[in-house]
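**Q** Dumping the structure here so I can ask a few things about it.
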Amino acid sequence: MRLSRYFLPILRETPKEAEIVSHRLMLRAGMVRQESAGIYAWLPLGLRVLNKVQAIVREEQNRSGAIELLMPTIQSADLWRESGRYDAYGKEMLRIRDRHDREMLFGPTNEEMITEIFRAYVKSYKDLPLNLYHLQWKFRDEVRPRFGTMRSREFLMKDAYSFDLDKEAAVHAYNKMFVAYLRTFERFGLKSIPMRADTGPIGGDLSHEFIILADTGESQVYCHKDYLDFAVPPADTDFDDVAGIKNTVAKWTSLYAATDEMHDAAAYEAIPEASRVSARGIEVGHIFYFGTKYSDPMAATVQGPDGKPVPVHMGSYGIGPTRVVAAIIEACHDEAGIKWPAAVAPFTVSVMNLKQGDSACDAACEELYRTLSAKGVDVLYDDRDDRPGAKFATADLIGIPYQVMIGPRGLAEGKVEMKLRATGEREMLTAADVVARVT
Ligand code: ATP
Ligand code: MG
Ligand code: MG
Ligand code: MG
């Protein structure tokens, strides 16, 4: 992408309405624009990050055996009457009437709809286990939408729903998602800690929230410090190895970790004082096992091995990609701007032409830009007719991990300068070395 032709509406002023750093930086870097309270347009730079976050979520869901589909945003109220949640859900639900005066709603979650799809097609225990997920916009009319996309009214969610014959199988489905979540958050460059959590309006009796520690987090959380150094399960984890997956979950639940609602002061105080962490946290994911809470009232049964109908045991598993983008910025930034982990960076490399119009600089930049693009690297070529200082500031603000500065002085020695956004480290390299480093 040539910056001269891109749409990157950077703000010079710090927006006053933004209370936390991620919101400020998302506005300043031209990633999002608020259209109504808690409703955002994703501008090109922000969308690139959101797409990378979603791609990682998909890869890890698929790896664990979940299957992607896509359900609509608009749902019928009747479906929610079947489960009894239509009245119970309250004001967070955006209720809509269509031209025929039918009651509809903008989905805040999809337990009912997925249960309806399941019961229409799946009739036998032989078709289990099944885990279906989608990435779709949700609407919740939050009392206090705030902090940008961290707590918005319209937001993206990956929600997965598992179906099993009995509790034991359903717990394995839960454990698989638990492990997939550990891997997903690690790939975002985040340290997530699974914490015992309240099940809220989703219901059920087994639940963990995946929490990122951050001062701006809205939850008060308590945990053992050692979780911060636990190793995350590798990419070649065998998700069919029931005992292996169970062991991983056992390890990750062996020490104390709970959100405020589930906090047990006595258990927490049993931790040696130096290992106690009492902090603010951001909920980036939440998993639930809730048995037959929906399959019972909605008659989602399969024929069991003995021929009798059995209500399926279910779980649901959510990650908020639009909140994750903000959470990554909370964890990865400095005075100058965002420091994207390479896996989610909107562009991996920025090529800065320090003397636009100088034939040697232009030629070297063009060539590096073309070479990297041809290799599939996401590269932003800053070809604007602007001061070097402005180019450095832009690259730092929008957080490009590898920044390559090409100017006459370096070129005279056949070199370009590379700076790593994460550490500030700088090095003079040949263009060929740059290509080798970033591919
Ligand atoms: P919170 O406690 O922050 O209100 P929740 O417990 O209501 O979240 P869940 O129903 O567990 O949320 O939804 C799953 C995931 O969806 C959350 O873990 C979070 O990542 C995301 N999410 C929920 N509400 C919002 C929101 N208003 N804006 C952005 N993301 C959200
Ligand atoms: Mg909520
Ligand atoms: Mg919550
Ligand atoms: Mg939750």
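None of the figures in this text is laboratory data; all of them are computed from the coordinates on show. The structure displayed is predicted, hence computed values, not measured ones. In this analysis, Cβ positions are derived from the backbone assuming ideal geometry, glycine residues included, and neighbour counts consider all displayed protein chains.
**Q** Positive end of the dipole of the chain, charges at C-beta (+1 Lys, Arg; -1 Asp, Glu), about the Cα centre: which of Ala235, Ala173, Phe155 has its Cα farthest in that direction?
**A** Phe155
**Q** Mind pulling the angle between the C-alpha long axis of helix 242-252 and the longest principal axis of the chain? Nearest 10 degrees, somewhere in 0 to 90.
**A** Between helix and principal axis, roughly 70 degrees.
**Q** Using DSSP, restrict attention to beta bridges with both residues in the chain and report what percent are antiparallel, rounded to the nearest 5.
**A** 85 percent
**Q** A further question on this structure: Over what distance in Å are the Cα centres of the stretch 155-204 and the stretch 262-304 separated?
**A** Between the Cα centres of the stretch 155-204 and the stretch 262-304 lies a distance of 10 Å.
**Q** Okay, next question. Which aspartates and glutamates, if any, have their Cα less than 12 Å from the Cα of Lys91, not counting same-chain residues under 8 positions apart?
**A** Asp141, Glu142
**Q** Relative to the first principal axis of the alpha-carbon coordinates of the chain, what is the inclination of helix 111-121, with its axis defined by its Cα atoms, in degrees from 0 to 90 and to the nearest 10?
**A** Orientation of helix 111-121: about 70 degrees from the principal axis.
**Q** So in the stretch 318-439, what percent of DSSP beta bridges are antiparallel if you round to the nearest 5?
**A** 55 percent
**Q** Which residue fluctuates most in the GNM of the chain (Cα springs below 10 Å): Asp164, Asp215, Asp98?
**A** Asp98
**Q** With point charges of +1 on the Cβ of Lys and Arg and -1 on the Cβ of Asp and Glu, referenced to the Cα centre of the stretch 81-147, which listed residue (Tyr121, Tyr86, Thr109) lies farthest in the positive direction of the dipole?
**A** Selected residue: Thr109.
**Q** Now a separate question. Would you tally the net charge around Arg58, using a Cβ to Cβ cut-off of less than 10 Å, leaving Arg58 out, and scoring K and R as +1, D and E as -1?
**A** -1
**Q** Given the options Pro15, Pro401, Pro129, state which has the largest fluctuation in a GNM of the chain using a 10 Å cut-off (strictly under) for Cα springs.
**A** Maximum among the listed residues: Pro15.
**Q** A further question follows. Quick one: which of Lys158/Lys419; Lys123/Lys191; Lys158/Lys293; Lys158/Lys391 span more than 29 angstrom between C-alpha atoms?
**A** Over 29 Å Cα-Cα: Lys158/Lys419; Lys123/Lys191; Lys158/Lys391.
**Q** For the chain, with a Gaussian network of springs between Cα atoms less than 10 Å apart, report the residue from Val324, Val21, Val143 with the top mean-square fluctuation.
**A** Highest fluctuation among the options: Val143.
**Q** Hey, got a sec? Which GluC sites (Glu not before Pro) in the stretch 1-64 land in a DSSP loop and have at most 13 other Cβ atoms within 10 Å?
**A** Those that pass, being in a loop and sparsely packed, are Glu13, Glu17, Glu19.
**Q** Could you give the semi-axes, largest first, of the ellipsoid that matches the stretch 149-285, computed as the square roots of 5 times the alpha carbon gyration tensor eigenvalues and rounded to whole Å?
**A** 23, 19, 16
**Q** Taking Rh as the Kirkwood radius, which is the inverse of the mean 1/r over Cα pairs, what is the Rg/Rh value for the chain?
**A** 1.02
**Q** Cross-link candidates for Lys375: which aspartates and glutamates have Cα within less than 13 Å, leaving aside residues fewer than 8 places away along the same chain?
**A** Glu367
**Q** If you don't mind, there's one more thing I want to ask. Decide, for the stretch 1-82, between rounded, prolate and oblate: order the square roots of the alpha carbon gyration tensor eigenvalues as a ≥ b ≥ c, take rounded if a/c falls under 1.5, and otherwise choose prolate if a/b is larger than b/c, else oblate.
**A** In terms of gyration-tensor shape, oblate.
**Q** I would also like to ask the following. Bins of 5 Å, beginning at zero and ending with the bin holding the largest distance: percent of Cα pairs per bin for the stretch 208-362, please.
**A** Final binned percentages: 2, 7, 10, 13, 14, 14, 12, 8, 6, 5, 3, 2, 2, 1, 1, 0, 0.
**Q** What does the charge count near Ile338 come to, summing +1 for each Lys or Arg and -1 for each Asp or Glu among other residues with Cβ under 13 Å from its Cβ?
**A** +1
**Q** Of the chain, which part is the longest with no trypsin sites (Lys or Arg not before Pro) in a loop (DSSP not H, G, I, E, B) and with at most 11 other C-beta atoms within 10 angstrom?
**A** The segment 103-374 is the longest one with no such site.
**Q** Related question: In degrees between 0 and 90, to the nearest 10, how far off the longest principal axis of the chain does helix 388-397 point, with axes built from Cα atoms?
**A** With rounding to tens, the tilt is 10 degrees.
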